[in-house]
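See below for the structure under consideration.
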Amino acid sequence: MSILKSYGLSLLLCLLPAGIRAQVKFIEVSTLQEMEAMQKKASDQMLMLFVDVYATWCGPCKMMDQQVYTDPAVADYMNTHFVNVRLDGESEYGMQYVTEQQLEGYPTMYVFSDEGERISNILGFKPAEELVASLKTTLEGYQSVKKYRALHAQGNLEAEAFADYIAVVRKMGNPEQADLLADEYMEEVM
């Protein structure tokens with residue numbers, strides 16, 4: 001019997017490091033200064049900032065923690081491409097933050113460029129594969145947005161490219177910005 005216990009413990013210890021690695025590495029922030037430091041860290045590392053806003057009572061938030069942020073594919077992708085931050089939306093700073101970001105519900109995940117521009121938000125529980133797909137779309141889309149934005153600033157954005165620009169922004173999960181661009185597009189066309 002003790003050999004079985006010893007074998008089981010050894011097996012558990014061998015598997016433990018793999019389980020620890022399969023976790024999104026979040027940094028909990030509770031002040032504006034901490035959030036600014038994390039944005040600077042993302043900028044310095046030329047990574048995007050991922051902000052998970054949760055509430056302690058939120059069931060879908062807990063499901064994200066248990067089912068999604070522990071998924072090896074999610075952890076690998078997010079730990080490679082983002083500085084990952086968590087924020088209790090009902091803490092003192094959290095309430096200020098969610099007001100500024102116009103939070104619609106819990107959980108909400110925001111993605112900021114390395115320059116600090118909010119480029120996407122993801123609302124509600126997302127299964128692992130869906131979250132990774134959304135984040136990949138955001139990263140790839142942001143590269144296109146930067147290209148379109150530069151052409152637009154130079155006055156060199158043709159009508160078809162402008163429409164593509166709007167579509168990319170909308171696909172990234174930023175419908176408000178897409179609507180503003182669509183209004184601008186309509187003014188230019190008419």
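Any chance the stretch 99-115 includes a residue that's surrounded by 17 or more Cβ atoms within 10 Å (Cβ to Cβ) and part of a helix (DSSP H, G or I)?
no
State the number of residues belonging to the stretch 168-187 that are on the phi < 0 side of the Ramachandran plot and surrounded by 15 or more Cβ atoms within 10 Å (Cβ to Cβ).
Qualifying residue count, the stretch 168-187: 11.
Starting from the stretch 122-139, take each residue that is at positive phi and list its partners that are open to solvent by 30 Å² or more (accessible area, probe 1.4 Å), counting only C-beta distances under 7 angstrom and pairs at least six apart or across chains.
Gly124/Pro60
Could you look through the stretch 47-72, keep only residues that are open to solvent by 30 Å² or more (accessible area, probe 1.4 Å) and under 15 Å from the mean Cα position of the chain (by Cα), and pick out the one that is farthest from Val132 (Cα to Cα)?
It comes out as Tyr54.
Can you find a residue that is part of a strand (DSSP E or B) and open to solvent by 50 Å² or more (accessible area, probe 1.4 Å) anywhere in the stretch 38-45?
No, that holds for no residue.
Would you be able to tell me the number of residues in the stretch 35-59 that are farther than 27 Å from Glu140 by Cα and in contact (Cβ under 8 Å) with a residue 24 or more places away in the chain?
3
In the stretch 151-167, how many are open to solvent by less than 30 Å² (accessible area, probe 1.4 Å) and either over 14 Å from Val189 (Cβ atoms) or touching a helix residue (DSSP H, G or I) at 6+ places or on another chain (Cβ under 6 Å) (or both)? It would help to see each step written out before you state the result.
So the first thing to find is which residues in the stretch 151-167 are open to solvent by less than 30 Å² (accessible area, probe 1.4 Å), and the list is 157, 161-162, 165-166.
In the following step, the residues that additionally are either over 14 Å from Val189 (Cβ atoms) or touching a helix residue (DSSP H, G or I) at 6+ places or on another chain (Cβ under 6 Å) (or both) were identified as 157, 162, 165-166.
Qualifying residue count for the region: 4.
State which residue is modelled with the lowest pLDDT when the search covers only the stretch 131-190 and only residues that are outside any helix (DSSP H, G or I) and polar (S, T, N, Q).
Asn174
Which residues, counting only those in the stretch 46-66, are under 17 Å from Lys126 (Cα atoms) and assigned to a strand (DSSP E or B)?
Phe50, Val51, Asp52, Val53, Tyr54
The values are calculated or read from the model by the stated rules, or taken from the named source; none is laboratory data. Please read all numbers here as calculations on a predicted model, not as lab measurements. For neighbour counting, all protein chains shown are included, and Cβ atoms are generated from backbone atoms with ideal geometry for every residue, glycine included. SASA here: full protein model, heavy atoms, side chains in, ligands and nucleic acids out. Shrake-Rupley method; radii C 1.70, N 1.55, O 1.52, S 1.80 Å.
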